[in-house]
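Worksheet: the structure to be examined is printed underneath.
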Number of protein chains: 6
Amino acid sequence: MKLLLVNPNLTQAVTDVVMAAAQAAARPGTVLQAVTGDFGPQVIGSRAENALAAHGLLDLVARHADGCDAVVLAVSLDTGLWACRELLAIPVVGMTEAGLLTGAMLAPRTGVLTYGARLVPVYRELVASYGMGDRVSGVVAVDVTPAQTFSDPERVLAAVQAAALQLVADGAEAVLLAGAAMAAMAPRLQARVPVPLIDGVACAVGLAETLAHQRWPRPAVGSIAATGGRAVHGVSPALQALFARAG
Amino acid sequence: MKLLLVNPNLTQAVTDVVMAAAQAAARPGTVLQAVTGDFGPQVIGSRAENALAAHGLLDLVARHADGCDAVVLAVSLDTGLWACRELLAIPVVGMTEAGLLTGAMLAPRTGVLTYGARLVPVYRELVASYGMGDRVSGVVAVDVTPAQTFSDPERVLAAVQAAALQLVADGAEAVLLAGAAMAAMAPRLQARVPVPLIDGVACAVGLAETLAHQRWPRPAVGSIAATGGRAVHGVSPALQALFARAG
Amino acid sequence: MKLLLVNPNLTQAVTDVVMAAAQAAARPGTVLQAVTGDFGPQVIGSRAENALAAHGLLDLVARHADGCDAVVLAVSLDTGLWACRELLAIPVVGMTEAGLLTGAMLAPRTGVLTYGARLVPVYRELVASYGMGDRVSGVVAVDVTPAQTFSDPERVLAAVQAAALQLVADGAEAVLLAGAAMAAMAPRLQARVPVPLIDGVACAVGLAETLAHQRWPRPAVGSIAATGGRAVHGVSPALQALFARAG
Amino acid sequence: MKLLLVNPNLTQAVTDVVMAAAQAAARPGTVLQAVTGDFGPQVIGSRAENALAAHGLLDLVARHADGCDAVVLAVSLDTGLWACRELLAIPVVGMTEAGLLTGAMLAPRTGVLTYGARLVPVYRELVASYGMGDRVSGVVAVDVTPAQTFSDPERVLAAVQAAALQLVADGAEAVLLAGAAMAAMAPRLQARVPVPLIDGVACAVGLAETLAHQRWPRPAVGSIAATGGRAVHGVSPALQALFARAG
Amino acid sequence: MKLLLVNPNLTQAVTDVVMAAAQAAARPGTVLQAVTGDFGPQVIGSRAENALAAHGLLDLVARHADGCDAVVLAVSLDTGLWACRELLAIPVVGMTEAGLLTGAMLAPRTGVLTYGARLVPVYRELVASYGMGDRVSGVVAVDVTPAQTFSDPERVLAAVQAAALQLVADGAEAVLLAGAAMAAMAPRLQARVPVPLIDGVACAVGLAETLAHQRWPRPAVGSIAATGGRAVHGVSPALQALFARAG
Amino acid sequence: MKLLLVNPNLTQAVTDVVMAAAQAAARPGTVLQAVTGDFGPQVIGSRAENALAAHGLLDLVARHADGCDAVVLAVSLDTGLWACRELLAIPVVGMTEAGLLTGAMLAPRTGVLTYGARLVPVYRELVASYGMGDRVSGVVAVDVTPAQTFSDPERVLAAVQAAALQLVADGAEAVLLAGAAMAAMAPRLQARVPVPLIDGVACAVGLAETLAHQRWPRPAVGSIAATGGRAVHGVSPALQALFARAG
């Protein structure tokens, strides 16, 4: 089984962290391929960058998804998730979506922890868009940047631990680390936090493997059915071809 | 990996159907053991039978879960789900819960289809208890009994097909067959319904395998943490021992 | 008029406290009978104990409800409430349900106060299952056990007072004491808390008397209609007979 | 015990119907006094009439509530309910509120039936304002006027029966007759409808008796605490005095 | 274009503040007329005063709306909003409604700031009645009275600033000053608060101008359609005539 | 005042229809400039096209918004709305958002009418993302394409009329025509539909004029504050410069 990990931003270091976490989580026999965006935001840190990154993400899957059995979105805002599901005939799983669904089986309510207060409302809206608001106890941010994960890891670890304990004090019975760059932290921090620390990458890999094994058919009607072919212009030939396909 | 399938009602035929569906869905290397209740309701068809069956279910896991890697509740009302999660150190997955979570990755909204108008409110409440109401387009019943699945399968198939198409007309982009006895119908009916027909047993097996592979720790605080040992009386020695365990 | 008070756990002291509160609340002419479980949890302090206690509760009503005009569940998680309503032809009222409904007539939003942080999520889920979440300002726990109500009452009183005042500061305009063992505290603490302290037992007795006086018919269709008789095995003859009855 | 029934519109015939239903429902020893508005709308049939009627209702309670033990709002839009609760030291119960709370103990979901499509959104908003939307399956109107209850009762009965059966078909497990003029219909129609037909007047009388018996204190803080005295002008001396009271 | 500003309470100083804020906000060519109540509450500070003020408000529009192009409710509880919409053929806008709708275009979530803890639940209910709860981060009160806006303005400014900053810390990305007497504060405080300080009067004037320019037809069916004429008694001739009109 | 109308798809005919509706709605003195996308989808008819169009939309505003006082998104899915608000210092209004907010002042609940069953779930999700679900009675589609608006206008008019009447029968008290190509239909159809037919373009122009007149400051903190400059690559120089700006 082959999974495509798609990081639509331009930071290879994030892709590498996600890839390492994915490899640690994958089952024997699962082959992973990770691709990084070549246009769009360097790192997604705002609403506009996230909107722009959707184009890059679609472009990456247009060029690399053929021959894969499922796609994992290696971006914690699950950029372009339903658009990918509509375009592709194979399963697509977002890492935050996967973390929330997995959390729902581990605990009554999950707390969500991310980088930067600026994105807290955006994650809250993402949770709401999944209809999962009743299963999330809260969303909090650590006041560090994804870049500091690499430059000052001990500070980031301490901040994440403190924020996780705050979420637990406020009612979380599991904590989702929502941030692609956080993917490697869960194992290191687990011993210091009394509830499961959920790594969205591991969850997404597991659910992608599962869906690919189950081979559900796609809907043939409705909002994610194949379109029958649509005309788009001024994009890469691969993406234009993907839109033009009957489905 | 060994999964325990627990059917708390007393009808072996239902256990057999679930076991067959589970075996078809399981990955190579997964060993399945199915157990059937020995006290409680013959078939769960009412709120009171469901409440009573929780005791039977806990008794079955007390006697059979040791040595297993995960538990699948082979009962479509997911009887005793969170109670099991609290008592056991291994993952527990309900078949309707699993169907809803899987459906959330396949389609924006899933319709739920079950046996008998009497249980429609109960399934609606179950969906709401999972916080998944926004992802479910509706719950409908076919006017047949679980027993007719065995005695008059063609009638049941026709009724399920009609109800599934009605759910699609009303906005479902996937349909969950919620009824343990329906477990084998999805493959037969899929060609006649234009959206994925989700079989909760297959979903539950897949998610149980995934959770067992991932080995998340249990929460050490909160409402599903190990209790540290509780005193119960007048139940089977195995169940009494399970409650008495520190965790 | 005769009311049956049913305590499904095995602690007679709790039954006695509830009985005293009920007698203080009952109208002249109301006769009260209190029964205590003889199998199941010593005290309900976890999800699994609550699930198990439903069997005990059904068994108690099967043996004692004949000749009564209504049933009061003397257990603050309202264990088995809808199952009882389905099985019995007489009204059944849960003490926390009754407290919430009464609170809704006394104040815009009620705060809920219970024993032990572990059960806070369970009470939150109970409130949600009644669709009353918008009328509840929050659920908080005092860090004492039901047993301390008897062994260290002053400490419990002080803790309950502090928690009630916290609920008021956070927006509660009434406070429900949700815990059977708390039933006697409301009168003692009322002078120290500036909003009504609602005792669920008194509420349940009042509502049970009212429903019994009004003699509403049962639904003849739907999820709590009489089943027409169901087969259960391996339970007490009384419970088996109750399930077997046409309605 | 003395209950005041307050009908803020000017139609004595409605007051009489409500009074008869209340007397049939009251317990022995309960004394009922019914008063009818002397300014404002002839019959409340629109949003503006309902807004205006609140003044009339407050005026009636200012003049008649002294010496009473509780107030029942004999108007199915529960006009001025929380304003009364704030002004008065005795319990106040609305008939639709009472019907919804009683329905919540009789069935998982109640359907609401009223006069005239024009008021359907208003009742839906009333239900939502009580936070009871999850317990109501729907609101439907019969296409008759309150006046026809007196002039063409058979037609009204037939229309109500048909609408009640439609609510049941759509998932109601109880039906609330929301309309003061409908108060007498429940007994006549019950045999033809398979779920409880709830008469809000009977419910309100029962709950008012219960609250008056229980003697809960009023909140001393918050949005319905006594105001300490407020200045209003250009209203009746009785109403001015009620506002001016310390509480 | 002529707008009528209606202040149903009896405090001319509040009308004057609102009028000044409205004039600062109005476009060239907009003529403003402000009217103050002549019966009812001196200042609305409780639920009962708000209920009573609806009569005064309807009376004011009955006497003054003819010849106007739109009505602005110059009262921050939007007293009688939908009743006015039903009675009048011209647009009606509430100042808090307008502030919430404007806030929805400025920020994902708006915090609401008002006078006095007593009214916090009432504003929360108002927000909920507009279906805008998901767009409001919280409601807080400053512990000052509307009268202090005039007698001790510096204290009020300091209190409002502190409360606004608290709302921002808790997730508000805009802050609505909900209180007619606060209307003039926004410009003075804006430099000290890092999110937009929304003045409901300015919002209401802008939206009333816009609706009056757009000339939408009224609904001819439903709950705010013209009634065709309704009988009310004991009110001013102007109000009686307004109710009696066909539409 | 100058407004920029941005149509991110590539169909000039749609831009022309929107421009005509906008000019009919604009106040004297408002200057309108309409721009059409030059890469991306020909017409947005699917989730993936909508995701892709966000890039085109950001590119258009990067090139054309300088010197404008506000932006109107001339695309009925409000593509990229919050991303634009984050990037630009001037107000941005979406046409469906504007229609929903305007509808909220015209009627208790608005029905939404659009092209093609495929997009019904997408509009439902859009409504939910605005937190306006309680104010929307339903979303329905006419079974015609935007292109038929030009090729077979009578058929489209008839279909829209029928669907609007269906929405009214199901509880809508206003109807929003959500589809840029429908912008010109409201005046023609209004006489045949008994509730306001809301044209989102007119609403958006009115609200954009209003916001531009009011000159609210932008939030300086939170999820739509200026970012301080972000690095993006492989996009147009204008868009790269817009992202790079301090704010």
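The values are calculated or read from the model by the stated rules, or taken from the named source; none is laboratory data. Given the structure is predicted, the values throughout are model-derived calculations rather than measurements. We place every Cβ from the backbone using ideal geometry, glycine too, and count neighbours over all the protein chains shown. Heads up: the accessible areas ignore ligands, DNA and RNA and are worked out on the full protein's heavy atoms, side chains in. Shrake-Rupley method; radii C 1.70, N 1.55, O 1.52, S 1.80 Å.
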Among all residue pairs at least 6 apart or on different chains, which show Cβ distances below 6 Å where the first residue, located in the range B:107-129, is more than 25 Å from A:G222 (Cβ to Cβ) and the second is small (G, A, S) and open to solvent by 20 Å² or more (accessible area, probe 1.4 Å)? B:G116/B:A141; B:A117/B:A141
Pairs where the first residue, in the range B:69-94, is more than 26 Å from B:T114 (Cα to Cα) and the second is open to solvent by 10 Å² or more (accessible area, probe 1.4 Å) and in a strand (DSSP E or B), C-beta under 6 Å, 6+ apart: B:D69/B:K2
Just need a number here: residues in the range E:162-171 that are over 22 Å from the mean Cα position of the chain (by Cα) and touching a residue at least 24 places away in the same chain (Cβ under 8 Å). 5
Find the residue count for the range D:198-247, including only residues that are of a type in the set (K, R), surrounded by 15 or more Cβ atoms within 10 Å (Cβ to Cβ) and under 22 Å from the mean Cα position of the chain (by Cα). 1
Search the range C:133-161 for residues that are in contact (Cβ under 8 Å) with a residue 24 or more places away in the chain and in the same structural domain as C:G171 (by TED's automatic domain parsing) and pair each with any residue that is of a type in the set (D, E) and open to solvent by 40 Å² or more (accessible area, probe 1.4 Å) when their beta-carbon atoms are under 6 Å apart and the residues are at least 6 apart or on different chains. C:G138/C:D170
Could you count how many residues in the range C:179-222 are without any contact (Cβ under 8 Å) to a residue 40 or more places away in the chain, outside the structural domain of C:A104 (by TED's automatic domain parsing) and not aliphatic (A, V, I, L, M)? 6
Name the residue, out of E:V156, E:V136, that is of a type in the set (A, V, I, L, M, F, W, C) and within 19 Å of the chain's Cα centre (by Cα). E:V136
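Just to be sure, is D:E125 of a type in the set (D, E), outside the structural domain of D:A220 (by TED's automatic domain parsing) and modelled with pLDDT of 95 or more? Don't jump to the end; show me each part of the working.
On the way: of a type in the set (D, E): yes; outside the structural domain of D:A220 (by TED's automatic domain parsing): yes; modelled with pLDDT of 95 or more: yes.
Yes: the conditions hold for D:E125.
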Unmet criterion (only one of (1) touching an Asp or Glu at 6+ places or on another chain (Cβ under 8 Å); (2) over 22 Å from D:A98 (Cβ atoms)) for D:A231: (1)
Within the range B:128-247, strands (runs of 3 or more DSSP E) holding 1 or more residues that are more than 7 Å from every other protein chain (Cβ to nearest Cβ) and closer than 30 Å to B:H64 by Cβ: B:174-177, B:197-199
Among (1) part of a helix (DSSP H, G or I); (2) open to solvent by 10 Å² or more (accessible area, probe 1.4 Å); (3) more than 7 Å from every other protein chain (Cβ to nearest Cβ), which single condition is B:V122 missing? (3)
In the range C:162-188, which residues are surrounded by fewer than 24 Cβ atoms within 10 Å (Cβ to Cβ) and modelled with pLDDT of 95 or more? C:A162, C:A163, C:L165, C:Q166, C:V168, C:A169, C:D170, C:G171
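Rundown of residues vs (1) modelled with pLDDT of 95 or more; (2) buried (at least 20 other Cβ atoms within 10 Å of the Cβ); (3) out of contact with any Gly (no Cβ under 6 Å at 6 or more places or on another chain); (4) hydroxyl-bearing (S, T, Y), yes/no style:
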| position | (1), (2), (3), (4) |
| --- | --- |
| F:T11 | no, yes, yes, yes |
| F:A22 | yes, yes, yes, no |
| F:Q33 | yes, no, yes, no |
| F:F39 | yes, no, no, no |
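So, in the range D:67-81, exactly how many residues are surrounded by fewer than 24 Cβ atoms within 10 Å (Cβ to Cβ) and either within 14 Å of chain E (Cβ to nearest Cβ) or among the acidic types (D, E) (or both)?
Adding up the residues that qualify gives 1.
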Look through the range A:106-118, keep the residues that are surrounded by fewer than 24 Cβ atoms within 10 Å (Cβ to Cβ) and among the aliphatic types (A, V, I, L, M), and return whichever of them is farthest from the other protein chains (Cβ to nearest Cβ). A:A117
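Across the range E:2-29, what is the total count of residues that are polar (S, T, N, Q) and in contact with a Leu (Cβ under 7 Å, 6 or more places away or on another chain)?
To start, the set of residues in the range E:2-29 that are polar (S, T, N, Q) comprises E:7, E:9, E:11-12, E:15, E:23.
If we keep only those that are in contact with a Leu (Cβ under 7 Å, 6 or more places away or on another chain) too, we end up with E:23.
Adding up the residues that qualify gives 1.
Could you list, in sequence order, all residues of the range B:20-41 that are of a type outside the set (F, W, Y), within 14 Å of chain C (Cβ to nearest Cβ) and touching a strand residue (DSSP E or B) at 6+ places or on another chain (Cβ under 7 Å)?
Filtering the range B:20-41 down to residues of a type outside the set (F, W, Y) leaves B:20-38, B:40-41.
Filter once more, keeping what is within 14 Å of chain C (Cβ to nearest Cβ): B:36-38, B:40-41.
If the condition is that a residue be of a type outside the set (F, W, Y), within 14 Å of chain C (Cβ to nearest Cβ) and touching a strand residue (DSSP E or B) at 6+ places or on another chain (Cβ under 7 Å), then B:T36, B:G37, B:G40, B:P41 are the ones that fit.
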